[in-house]
Amino acid sequence: MFKIQKLDFLIAFYTTSVVLTELMGAKTVPLFTIGGFPVSGTVTLLVLPFIYSVNDTIVEVFGKARAQSIVRSTLLMVLYIFIFSLIATLLPADKRFSPTEGAYETIFGISARFSAASLIAFALSEFSDVYIFARMRRQLGKKNLWLRTNISNFASEFLDTAIFMTLAFYSTDQAVISNIIFISGIALPYWLLRCCMSIIETPLVYLGVKWLKDKK
């Protein structure tokens, strides 16, 4: 009989979602325009809320230590993917593969700066999400799950957006004020949009907690 343990499924879903953000996050799509200023976002905007929702669900049911262990394990997998991608793109291709070598390098030859920025931002934001959610749970108890979920998500998503945008787009040949204006202009609308996505997907945390607790 085809049977899957609930926690195993959530861990696999979480890890896969994180890997998707690393492998496919380079593509940006137009979202909307504010006062003539076009706002774009990466395709991972559709995946990121699920990542934070799984975090909160696991903390709620299994505790902070278990969630942090899953985050650490996933970070190691992301680092493994990054290192292997570098090795795979550096290895010479044989004649049969040569025609597609350019496309292969374009897809998997990730920019070191963007990859490092993504990895650092993800690590800090994920641990922050787990920490804030767990701390609020100790203070508020089991009530107000929606509040704990969204506050922890808003804070961690702000951290993730601010760190990534700064590390990825800060230009040393520009003035500090110029960098702040530019990065804020692209980061703030994107963070607000991520917050909206978090609110929309709040019911998923409730469903996930109920699903895990059933016959835990």
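The values are calculated or read from the model by the stated rules, or taken from the named source; none is laboratory data. Note that the structure is predicted; figures quoted are calculated from it, not measured. A quick note on method: Cβ atoms are made from the backbone with ideal geometry, for glycine too, and the neighbour counts reach across all protein chains shown. Side chains are part of the model used for accessible areas, which takes the heavy atoms of the whole protein and leaves out ligands, DNA and RNA. Shrake-Rupley method; radii C 1.70, N 1.55, O 1.52, S 1.80 Å.
Would you confirm whether any residue within region 13-26 is surrounded by 12 or more Cβ atoms within 10 Å (Cβ to Cβ) and touching a strand residue (DSSP E or B) at 6+ places or on another chain (Cβ under 6 Å)?
Yes - at least one qualifying residue is present in region 13-26.
Do we have F50 as over 19 Å from the mean Cα position of the chain (by Cα) and not aliphatic (A, V, I, L, M) here? Walk me through it before giving the result.
Details: over 19 Å from the mean Cα position of the chain (by Cα): no; not aliphatic (A, V, I, L, M): yes.
Criteria not met by F50.
How many residues does region 27-59 hold that are open to solvent by 90 Å² or more (accessible area, probe 1.4 Å) and in a helix (DSSP H, G or I)?
The number of residues fulfilling the criteria is 1.
Anything in region 99-152 that is assigned to a helix (DSSP H, G or I), of a type in the set (V, I, T) and open to solvent by less than 60 Å² (accessible area, probe 1.4 Å)? List them, or say none. Reasoning before the result, please.
Going residue by residue through region 99-152, those that are assigned to a helix (DSSP H, G or I) are 99-108, 112-140, 145-152.
Now narrow it down to the ones that are of a type in the set (V, I, T): 100, 106-107, 120, 130, 132, 149, 151.
Correct list: V130, I132, T149.
Return yes or no: is F82 on the phi < 0 side of the Ramachandran plot, open to solvent by less than 60 Å² (accessible area, probe 1.4 Å) and either in a loop (DSSP other than H, G, I, E, B) or at pLDDT below 85 (or both)?
Yes, satisfied.
Looking only at residues in region 1-12 that are in contact (Cβ under 8 Å) with a residue 12 or more places away in the chain and open to solvent by 30 Å² or more (accessible area, probe 1.4 Å), which one is farthest from T106 (Cα to Cα)?
K6
Being open to solvent by less than 10 Å² (accessible area, probe 1.4 Å) and of a type in the set (V, I, T) is the filter here, so list the residues in region 60-77 that pass it.
Those that are open to solvent by less than 10 Å² (accessible area, probe 1.4 Å) and of a type in the set (V, I, T): V71, T74.
Condition test on R96, is it open to solvent by 80 Å² or more (accessible area, probe 1.4 Å), within 19 Å of the chain's Cα centre (by Cα) and either of a type in the set (K, R) or at pLDDT 75 or above (or both)?
Details: open to solvent by 80 Å² or more (accessible area, probe 1.4 Å): yes; within 19 Å of the chain's Cα centre (by Cα): no; either of a type in the set (K, R) or at pLDDT 75 or above (or both): yes.
When the stated conditions are applied, R96 does not pass them.
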